[in-house]
Protein chains: 2
Amino acid sequence: METNALPANILDPDCPSRVIFQRIGDKWASLVVQVLAAGPVRFSELRKMVHVVTPKVLTQTLRTLERDGLITRTVYAQVPPRVDYELSELGASLLEPLTLLRQWAEDHVPSILEARDAYDDAQDAGILNP
Amino acid sequence: METNALPANILDPDCPSRVIFQRIGDKWASLVVQVLAAGPVRFSELRKMVHVVTPKVLTQTLRTLERDGLITRTVYAQVPPRVDYELSELGASLLEPLTLLRQWAEDHVPSILEARDAYDDAQDAGILNP
DNA sequence: TGCATTGGTTTCCATGAGGTAACTAAGTTC
DNA sequence: GAACTTAGTTACCTCATGGAAACCAATGCA
């Protein structure tokens, strides 16, 4: 029983709950999840929508997401081949917290840019008048 | 005016809303933010709580968070020095979506581990009976 | 005088994530 | 039979991130 309210588990490097933060932190994974929010998308479409990702890296990303059960991969026996990627139930459940984070990011972009400007100005002033 | 509901902005590599995802994705930043949820913490304490991070990397992380206005840095004129790091109002507002994401991660760890096992088993079977 | 404390900085190094470019499979159409 | 399509794979390379270890500044204290 934990006696304090700190997120001790996530601070534990061995706790598996860190995997999701690694997943979110992945350069492409969270983008893919959000693109798939609209429904199943095939490989080549995904490439276009996620804007200039190389096939190698996209494949890696998709395989990892599939392995973690966040997306499903459906191969159609056609030529040329057709492969659809779709959010699983688990992946869809991630959409809600992810969207909130995206909302936060979009809402606070001005504040962050402002803070950066202020910080950089202070730095410059400090260099000129130490 | 966007005609669809897709998160087109975040898919745009030039949109600044990506900065927050990079910030979250940072190996230590989101951990620091969650540690600071409990109140101001000084450098050496932070090092212990975030479990084996080198001072160089912790400094980098803190500087970036400070520059983005998520935390404040307070130096006390003492010897030996004392520096407190604390969430700003902006940083505190990130806590809510971040906590939801952490909740999700903690709640779904079993599902993800299960999915991994199933995936790996399927892979092994595929290798044995191709 | 010299050692301890805190909050860093600096230099060097290894790893790995991601990018580039070329290639492949397999059937369909020209 | 040559070319086109999709969905990748493979080999190679580069650069940024993060880690290790040593060092430093300022002062109180023994």
Checklist entry - Given a 1.4 Å probe, how much area per residue of chain A is accessible, in Å²? => result 56
Checklist entry - Taking Cα centroids, how far is the range B:88-130 from the range A:79-128 in Å? => result 19
Checklist entry - What gaps in nm, shortest first, separate B:Arg116 from its twins in the other copies when you place the label 7 Å past Cα toward the beta carbon? => result 3.4
Checklist outcome for this item: Per GNM of chain B with C-alpha springs under 10 angstrom, the most fluctuating residue out of B:Pro16, B:Pro80, B:Pro40 is B:Pro80
Next on the checklist: Output the 0 to 90 degree angle, nearest 10, between the alpha-carbon long axis of helix A:55-67 and the longest principal axis computed from the alpha carbons of chain A.
Outcome noted: 80
Next on the checklist: Roughly how large is the B-A contact in terms of buried accessible area, totalled over both chains, probe 1.4 Å, nearest 100 Å²?
Outcome noted: 4700
Next on the checklist: For a protection proxy built on the mean count of beta-carbon atoms within 10 angstrom, sort B:71-79, A:21-29, A:108-116 highest first, please.
Outcome noted: A:21-29, A:108-116, B:71-79
Item to check | Accessible-area value, B:Asp121, 1.4 Å probe, nucleic acids and ligands omitted, Å² | outcome: 100
Checklist entry - At A:Ala125 and A:Gln60, where each label point lies 7 Å from the Cα along Cα→Cβ, what is the point-to-point distance in nanometres? => result 4.4
Checklist outcome for this item: If R0 = 25 Å, then A:Ala77 and B:Ala118, at their Cβ-Cβ distance, give a FRET efficiency to the nearest 0.05 of 0.60
Checklist entry - Ignoring any ligand, DNA or RNA, what whole percent of the accessible area of the protein assembly as shown comes from carbon and sulfur when the probe is 1.4 angstrom? => result 54
Checklist entry - Nearest 10 degrees, 0 to 90: what angle lies between the long axis of helix B:89-128 and the longest principal axis of chain B (Cα atoms)? => result 30
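The values are calculated or read from the model by the stated rules, or taken from the named source; none is laboratory data. Because the structure is a prediction, the values reported are computed rather than measured. Virtual Cβ from ideal backbone geometry, glycine too; neighbours counted across all protein chains shown. Keep in mind that these areas ignore ligands, DNA and RNA; they rest on the heavy atoms of the full protein, side chains included. Shrake-Rupley method; radii C 1.70, N 1.55, O 1.52, S 1.80 Å.
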